[in-house]
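> Take this structure first; my questions come after.
No lab work stands behind these numbers, since they all come straight from the coordinates. Quantities reported herein were computed from a predicted structural model and do not represent experimental measurements. Every residue, glycine among them, receives a Cβ derived from its backbone with ideal geometry; neighbour counts consider all protein chains shown.
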């Protein structure tokens, strides 16, 4: 029976005289003091194999071995297998174009992405996606526990609701459609349908030309929408609970992966401590940190606000709310601040370790008010035709989206968001 | 504090003298024997409200009420609320273009889809998507319990690996890319990377022009891929366990939804009893059922085979394996049947209640053998460039995909697959 690398120590303790089978990839070949070793890689980790003779095998070949398990403090996982027989299942060519077991801190990002089908074999790189899988699992489980229904909406849309720029065009039979930037309209419609609470994890597309360490042209959007809220503050509370649950699960299930990146997740208490400051306050604070020159919540301001929050509140998270209307989409609910003041909105961003990971807010659920707002955004009633369903009853509601790759990036401290996408798409990269 | 419709009976039993709040949509207005009723709809179901005066309200308006809960056998859920105060949160226009509370069996599919943002408010229609959410949840949970890692792969591909037809073209900056028909290549690469076991739930695209009750141009594909298998039989065993787990969860969590459609899920024993028959046997059986004239496993044969299986094995499920090579993609693993026999493959389909819900099989993991197969499919090495990574070690592996909408359709007995898609896309329909 096959055992996994992670179970070798237990097998060595419980039944050292029973031969076991292991299978996986030849991660490393070694000869030390005349003894031959293979470090075998399987889905659970690394396992040291000890061989009497030098094996005729190449790195990355897939092998199956049989042997006796034995404890060895110096071996990865604290155990090794003394190999009695070795079978090569798939022999790797000796001309490996990319060194899988190399220290990735010494390889440039371009080389890692150009050789993506091989670089994904690196255990440290795989760690990123084990964490990502747990993020998605925990996101979904937490929302289900609060009676949210998972939805799957179309990514092909007849027109763009958030303005026509930055959309990828699709040839759809004899017409043009677009790749959805977000499930915004659909999730609002489904809240209004009576499902009340919905979430979706799905690809989203932005045809932005810039190439930065924080943008992808295709990303995984973790979307939430909820009915019967009073303001964005209800959503901030929801996101705090959600992030605390995600961090908790990652801490439990990704211990080794976090170690590989020398990373840690915030504790739940520090998430609860996260302050909420208005856009106006945020500008003041960022300017105080930077000694002036901050006119917008730009990437530098995001970084400064998180530094401030870490210092003043001992938390990696800060929420900024009440963004001016001009910075938010047409469907954002206005905040009544009385006469004479600039119009702001019931909106928020979540900043985590220097990066905006969430944009959200309460939405305008009154169709008449939605129409009134359109000219300010250079939009017409026709362009938001679907929203006319709000004429037929719609509860106050709002929601937000968490960028899955951004959250992954910031949990692990990755320099570039592309590292957090299995097959990232940018202006030049559509392969593999 | 707000209570949900489903909790009204408990509130009436436990604290009949405590006023509670309820909120939701005006599903129906009634006057019976001089008493005024509103049937209120919230995310949990329907709740009868009893009012002293005729309320000034329209169907589909969103309201909040306060009142005392009382048991009433004749009310939906066995309880009602005697309303003390009613607040209209969002008044619906009186010109409702689609009757939400109508019996949907009396409304044509086109009318339902043309009015999708309103028809989704119908409780019976919502049931479909509550079942679908549980299908996705159970699919993911079962695979995670077997150590599968959830992946999110790109839906924008530089070229089509399954042949260039039936792909939607995307304008991607200054070049053309395509919408992925499946994550086939990516899931194979990730198995080969050492993750070994992966799954994905994501949109998939087919630019097929035909309009049938079993096809969508955009659908949710539930994909599985697994390393270290011997043949497609390992995959069939996996799918049996997976389907039994899905049916079990749907039975537990969707009792009311199943009732709404007068539907039931197969019991686990009947899933385990499902026979596996070869393509050749299947043709013979289908011809026996049809008294000749079946030359392929076409939709009629799928229906006949399920009838046969229901009669002979008392199960709604049947697996057909060993498809001839010409019917399967280039990457399918050949089945060695000795000299002189036609070449078949380690492939299978799952047929459920008359419909193919799964295609799968073992894949060719030997790059040399993969190249040899290409001319037979009119393909060149260049067109499968990414698969060259198999030169560097790849375990025997295979997988399958379950069409999420097809499984939903067949669990509930829906006449058309479009009913099982929130916002279905066909040749003419890209809105809403």
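> Quick check for you: which residues of the stretch A:170-205 have the amide N under 16 Å from the point 7 Å beyond the Cα of residue B:209 toward its beta carbon?
A:172-175, by backbone N distance to the label point.
> Over the stretch A:1-140, how many percent of alpha carbon pairs lie in each 10 Å bin up to the one with the longest distance?
With a bin width of 10 Å, the distribution comes to 12, 38, 33, 15, 2, 0.
> Write down the radius of gyration of the protein assembly as shown and its Dmax, each obtained from C-alpha positions, in Å.
For the protein assembly as shown, the Cα radius of gyration and maximum Cα-Cα distance read 28.7, 98 Å.
> Sticking with this one: Say each of residue A:237 and residue A:427 gets a label point 7 Å from the Cα, pointing the same way as Cα to Cβ; how far apart are those two points in nm?
4.5 nm
> What is the distance, in nm, between label points placed 7 Å from the Cα along the Cα-to-Cβ direction at residue A:374 and at residue B:327?
About 5.3 nm, to one decimal.
> If neighbour count is taken as other Cβ atoms inside 10 Å, put A:259, B:137 in order from fewest to most. Don't jump to the answer; show the numbers that get you there.
Details: A:259 11, B:137 19.
Fewest-to-most ranking of A:259, B:137: A:259, B:137.
> If the viscosity is 1.002 mPa s and the temperature 20 °C, what translational diffusion coefficient in µm²/s does Stokes-Einstein give for the stretch B:378-429 when Rh comes from Kirkwood over Cα pairs? Each step should come with its number before you reach the end.
Details: Rh = 14.9 Å.
For these conditions, the coefficient is 144 µm²/s.
> Shielding by partners for B:116-124, please: the mean number of other protein chain Cβ atoms within 10 Å of each residue's Cβ. Spell out each step's value before the answer.
On the way: counts 5, 13, 6, 1, 8, 9, 2, 1, 0.
Mean partner shielding for this stretch: 5.
> State log₁₀ I(q)/I(0) for chain B at q = 0.10, 0.12 Å⁻¹ as given by the Debye formula over alpha-carbon point scatterers of equal weight, solvent excluded.
-0.80, -1.04
> Could you calculate the FRET efficiency of residue A:264 with residue A:30 from 1/(1 + (r/R0)^6), where r is the beta carbon distance between them and R0 is 30 Å, rounded to 0.05?
On the way: r = 31 Å, r/R0 = 1.05.
Once the sixth-power term is evaluated, E becomes 0.45.
> Would you mind estimating how fast the stretch B:314-421 diffuses translationally, via Stokes-Einstein at 37 °C and 0.692 mPa s with the Kirkwood radius over Cα pairs, in µm²/s?
Numbers: Rh = 15.8 Å.
In µm²/s, the coefficient is 208.
> Tell me the Rg and the Dmax, in Å, that the Cα atoms of the stretch A:250-407 produce.
Spelled out, the Cα radius of gyration and Dmax of the stretch A:250-407 are 18.5, 56 Å.
> Over the Cα atoms of the stretch A:97-142, what radius of gyration and what Dmax do you get, in Å?
Rg then Dmax for the stretch A:97-142, in Å: 13.0, 42.
> Continuing with the same structure: Report the label-to-label distance for residue B:2 and residue A:110 in nanometres (one decimal), using points 7 Å from each Cα along the Cα→Cβ vector.
5.3 nm
> Just need log10 I(q)/I(0) for the stretch B:102-227 at q = 0.14, 0.15, 0.17, 0.21 Å⁻¹, Debye formula, equal scatterers on the alpha-carbon atoms, no solvent, rounded to two decimals.
Each listed q corresponds, in turn, to -0.82, -0.90, -1.03, -1.18.
> Also, quick follow-up: Quick one: order A:80, A:10, B:249, B:225 by neighbouring beta-carbon count within 10 Å, fewest to most.
Numbers: A:80 25, A:10 14, B:249 18, B:225 30.
Going from sparsest to densest Cβ surroundings: A:10, B:249, A:80, B:225.
> Starting with the fewest neighbours, write out A:1, A:346 ranked by other beta-carbon atoms found within 10 Å of each beta-carbon.
Least crowded to most crowded, the residues run A:1, A:346.
> Right, something else. For chain A, what is the calculated [θ] at 222 nm in deg cm²/dmol (nearest 500), taking -39500 (n - 2.57) for each run of four or more DSSP H residues and dividing by its residue count? Write down the numbers at each step before the final one.
On the way: 12 runs with 123 residues, N = 432.
Helices in chain A give a 222 nm mean residue ellipticity of -8500 deg cm²/dmol.
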